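What follows is a short report on a single structure.
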Amino acid sequence: MKADLHNHSFLSDGVLSIEDIIHYSKKVGLDCISITDHDTLAGIIQAYTLGEKIGISIIPGVEISTVDYKTNRSVHMLCYFPKDFFKLQGFLNKILINRENAKRQMAEMLMKEYPITIEHIERYSSKSESMYETHIMQPLADLGYTNVVIGDLYKELLSKKGKYYVQITYPSVYEALDIIKEVGGIAVMAHPGQFDSIELLEELAIKNLIQGIEYNHPRNSEEVKKQIKDIAQKYDLIMTGGTDFHGYYSNSPHPIGSFTCPEGEVERLIRLDHERK
């Protein structure tokens, strides 16, 4: 099966709808897809229903924002096949609220420098389960201050080193892993190359707290992929793959299906879910 297991819709910080993502996934020849919006399960039922209609397998998923407080580094944890959606979303709602509050603070500061309005920002954020930097930047692009939503102006204003950045409080990676286990999900660490998480990856593997690792991803270098493969083989972890698709809301965009699971690995993921039922 050709599977892309990391994609974002406009329910979080992507450009396209669930419907568009699934139709285009089918069009580019994918057999299986997961829409892993940040901290929300809002699109899962729609995705599953549409996938059944057009003949593409849907793996329910979500990307959970966490922090390794030992190193103060971000860690993104993918949860596939959660069984108790309501319990998991209850945990995730706290993240969504914290994010919304932080982004509105950022927007208020930005509006003192630029002639944009909260109504203009909400035109873009209203479809999402939370406000994101992309929704704040889009009005600046509309007004001609930039022609790239995620570019140099974004870095200057809203990135983690930007002058209007407001820190969000996230759960620890261990809290997230606890809830994934409680709801019967499969825990897969996302893109360890992005946050320099190889050491943490092995620590979690040793403790048997994760079942997989995202191997094929645009921000995993060849060196990181070699390290991932070694750890996956040593601890019998599933190696997934995904494009981390956001449309043009990305500093280096890739089309759906650009990065997929290594051969046989999505079947292992599905088999593990069946064994747990």
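The values are calculated or read from the model by the stated rules, or taken from the named source; none is laboratory data. This structure is a prediction, so every number in the text was calculated from the model and none was measured. We place every Cβ from the backbone using ideal geometry, glycine too, and count neighbours over all the protein chains shown.
Taking region 136-153, which residues are without any contact (Cβ under 8 Å) to a residue 60 or more places away in the chain, under 23 Å from L11 (Cβ atoms) and surrounded by 15 or more Cβ atoms within 10 Å (Cβ to Cβ)?
I136, M137, Q138, P139, L140, A141
I'd like to check something: does region 103-117 contain any residue that is surrounded by 14 or more Cβ atoms within 10 Å (Cβ to Cβ), modelled with pLDDT of 95 or more, of a type in the set (K, R) and touching a Gly at 6+ places or on another chain (Cβ under 8 Å)?
Checked region 103-117: no residue is surrounded by 14 or more Cβ atoms within 10 Å (Cβ to Cβ), modelled with pLDDT of 95 or more, of a type in the set (K, R) and touching a Gly at 6+ places or on another chain (Cβ under 8 Å).
Okay, residues lined up against (1) free of Cβ contacts under 8 Å to residues at least 12 places away in the same chain; (2) touching a strand residue (DSSP E or B) at 6+ places or on another chain (Cβ under 6 Å); (3) hydrophobic (A, V, I, L, M, F, W, C):
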site: I168; (1), (2), (3): no, no, yes
site: E203; (1), (2), (3): yes, no, no
site: K207; (1), (2), (3): yes, no, no
site: I256; (1), (2), (3): no, yes, yes
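For region 230-253, how many residues meet the condition of being under 16 Å from the mean Cα position of the chain (by Cα) and crowded, with 17+ Cβ neighbours inside 10 Å? Spell out how you get there, then give the answer.
Of region 230-253, the ones under 16 Å from the mean Cα position of the chain (by Cα) are 240-253.
Checking the rest, the ones that are also crowded, with 17+ Cβ neighbours inside 10 Å come to 240-247, 249-250.
Final tally of qualifying residues: 10.
Counting only residues that are of a type in the set (A, V, I, L, M, F, W, C) and over 17 Å from D273 (Cβ atoms), how many does region 18-55 have? Please lay out each step first, then the result.
Filtering region 18-55 down to residues of a type in the set (A, V, I, L, M, F, W, C) leaves 18, 21-22, 28, 30, 32-33, 35, 41-42, 44-45, 47, 50, 54.
Now drop any that are not over 17 Å from D273 (Cβ atoms), which leaves 18, 21-22, 28, 30, 42, 45, 50, 54.
The qualifying residues number 9.
Of L30, L16, which residue is part of a loop (DSSP other than H, G, I, E, B), more than 16 Å from the chain's Cα centre (by Cα), within 19 Å of P253 (Cβ to Cβ) and in the same structural domain as Y248 (by TED's automatic domain parsing)?
Values: L16 fails: more than 16 Å from the chain's Cα centre (by Cα).
After ruling out the rest, the residue left standing is L30.
Does I179 satisfy the criteria of being assigned to a helix (DSSP H, G or I), crowded, with 21+ Cβ neighbours inside 10 Å and of a type in the set (A, V, I, L, M, F, W, C)? I'd like the intermediate steps shown before the answer.
Details: assigned to a helix (DSSP H, G or I): yes; crowded, with 21+ Cβ neighbours inside 10 Å: yes; of a type in the set (A, V, I, L, M, F, W, C): yes.
Yes, satisfied.
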